[in-house]
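Report on the following structure.
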């Protein structure tokens with residue numbers, strides 16, 4: 001659980017604007033849902049890692065499928081980013097100002 005909340009300072013650029021644009025109650029709901037989903041993922045991972053029928057399959061294919069899954073995930077993220085930023089400036093500050101103005105917040 002600590003690795004997901006401790007993954008780097010670059011996340012500050014994502015989380016601070018995200019939480020700044022939500023009221024306190026929404027922030028609480030977001031945090032509770034986040035912690036709940038982390039627990040679900042941890043229990044699912046433990047179940048998969050200890051499943052008697054799946055364990056041999058996972059041990060056989062994990063070193064081959066994990067890099068492929070990470071490459072496909074990165075590819076998907078890049079494609080979504082390119083689609084979202086089509087026709088917009090690549091300056092992230094301008095994107096943040098656009099989000100704040102769209103939500104009618106001061107700034």
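The values are calculated or read from the model by the stated rules, or taken from the named source; none is laboratory data. Quick caveat: nothing in here was measured; it's all calculated off a predicted structure. Please note: Cβ atoms are built from the backbone with ideal geometry, for glycine as well, and neighbour counts cover all protein chains shown.
Exactly one residue out of 59, 25 is exposed (fewer than 11 other Cβ atoms within 10 Å of the Cβ) and at pLDDT 85 or above: that is 25. Among residues of segment 9-22 that are surrounded by 11 or more Cβ atoms within 10 Å (Cβ to Cβ), those with a beta-carbon under 8 Å from a residue that is assigned to a loop (DSSP other than H, G, I, E, B) and modelled with pLDDT under 85 at least six positions away or on a different chain give the pairs 21/103; 21/105.
Conditions tested, residue by residue: (1) modelled with pLDDT under 85; (2) part of a helix (DSSP H, G or I); (3) surrounded by 10 or more Cβ atoms within 10 Å (Cβ to Cβ).
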position: 33; (1), (2), (3): no, yes, yes
position: 38; (1), (2), (3): no, yes, yes
position: 41; (1), (2), (3): no, yes, yes
position: 46; (1), (2), (3): no, yes, yes
position: 63; (1), (2), (3): no, yes, no
position: 73; (1), (2), (3): no, yes, yes
position: 88; (1), (2), (3): yes, no, yes
position: 98; (1), (2), (3): yes, yes, yes
